[in-house]
Each structure stands twice: as structure tokens, then as C-alpha cells.
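K.L.:
Let me begin by handing over the structure; questions about it come next.
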Amino acid sequence: MKECNINTTIKTLRFLNNEMTQQELADKVNVTRQTIASIEKGKYSPSLELAFKIALVFNRPLEEVFTYKK
């Protein structure tokens, strides 16, 4: 499986947000825990809509949660 070109700060943001679990975040954005785990590991690139939902959970701008690596 090819790794995606998206870096993310989700794991750090979860930790800073009362140590939110992957499952808690998944429930908030209506995806599976496995989806969150794959995004954090760089194995899955989220849709734009999902990326915005995740950023909104943490009340952060999209570019603070996700960055594109060349």
C-alpha cells in the first residue's frame, strides 16, 4: 500500500484534547476508529470533507491539522 502525501497532527491534538481516543474522534466525525488510525499512520488520505470535520472537532484551521508533503 502506497503511503499518502499528507502529514497530520491528529495524534498530538487528541493528546492535548484531554487525551481523546481514536474511537472518540471517530464517533465525532462518523467514521471508524480504523479510519482515524490509518490517517494518523499516513496510510489513508482523508476526503476534504472529513479533513474539515476533524479540524472543526479541534477548533483548528485545516492547515494546522493537515499539511501536504512534496
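K.L.:
To the nearest 500 deg cm²/dmol, what mean residue ellipticity at 222 nm is calculated for the chain from DSSP H runs of n ≥ 4 alone, each contributing -39,500 (n - 2.57), summed and divided by the residues?
P.N.:
Working: 5 runs with 37 residues, N = 70.
Calculated from helices alone, the mean residue ellipticity at 222 nm is -13500 deg cm²/dmol.
K.L.:
How would Ile6, Ile36 line up from fewest to most surrounding beta-carbon atoms within 10 angstrom?
P.N.:
Numbers: Ile6 16, Ile36 27.
In order of increasing Cβ crowding within 10 Å: Ile6, Ile36.
K.L.:
HN-Hα J couplings of region 41-48 from phi, Karplus 6.51/-1.76/1.60, θ = phi - 60°, integer Hz, Gly and Pro as x?
P.N.:
7, x, 9, 9, 9, x, 5, 4
K.L.:
Can you tell which of Glu40, Glu24, Glu49 shows the greatest fluctuation in a Gaussian network model of the chain with Cα springs below 10 Å?
P.N.:
The residue that fluctuates most here is Glu49.
K.L.:
Would you indicate which of (i) 52, 20, 7; (ii) 17, 14, 11; (iii) 53, 26, 10 is the value of semi-axes √(5λ) of the Cα gyration tensor in Å derived from the coordinates of this structure?
P.N.:
Of the listed options (i) 52, 20, 7; (ii) 17, 14, 11; (iii) 53, 26, 10, (ii) comes from this structure.
K.L.:
Follow-up question, since we're still on this one. For region 6-68, give the magnitude of the charge dipole about the Cα centre (Cβ charges: +1 Lys/Arg, -1 Asp/Glu; no others), in debye to the nearest 20. Display every interim value, and only then the final one.
P.N.:
Numbers: 8 positive and 7 negative charges, 31 e Å.
Approximately 140 debye in magnitude.
K.L.:
Under 17 Å from the Cα of Lys11, which aspartates and glutamates turn up, not counting those fewer than eight places away in the same chain?
P.N.:
Counting by Cα, and skipping residues close in sequence, Lys11 has these aspartates and glutamates nearby: Glu19, Glu24, Asp27, Glu40, Glu63, Glu64.
K.L.:
Another question, if that's okay. Could you work out the relative contact order of the chain, using alpha carbon pairs under 8 angstrom and six or more residues apart, expressed as a whole percent?
P.N.:
Details: 72 pairs, mean separation 32.2, N = 70.
Rounded, it is 46 percent for the chain.
K.L.:
Going by C-beta contacts inside 10 Å, put Val65, Val31 in order with the fewest on the left. Display every interim value, and only then the final one.
P.N.:
Working: Val65 22, Val31 18.
So the residues, fewest neighbours to most, are Val31, Val65.
K.L.:
Let me ask you something else. Can you sort Ile54, Ile10 by how many other beta carbons sit within 10 Å, fewest first?
P.N.:
Numbers: Ile54 24, Ile10 21.
Going from sparsest to densest Cβ surroundings: Ile10, Ile54.
K.L.:
Could you check the simple spin-label distance between Asn5 and Lys70, using points 7 Å along Cα→Cβ, in nm with one decimal?
P.N.:
About 1.0 nm, to one decimal.
Each value in this text was obtained by applying a stated rule to the coordinates, not by laboratory testing. None of the values given here were measured: they were computed from a predicted structure. When we count neighbours, we look across all protein chains shown, and the Cβ atoms used for this are built from the backbone with ideal geometry, even at glycine.
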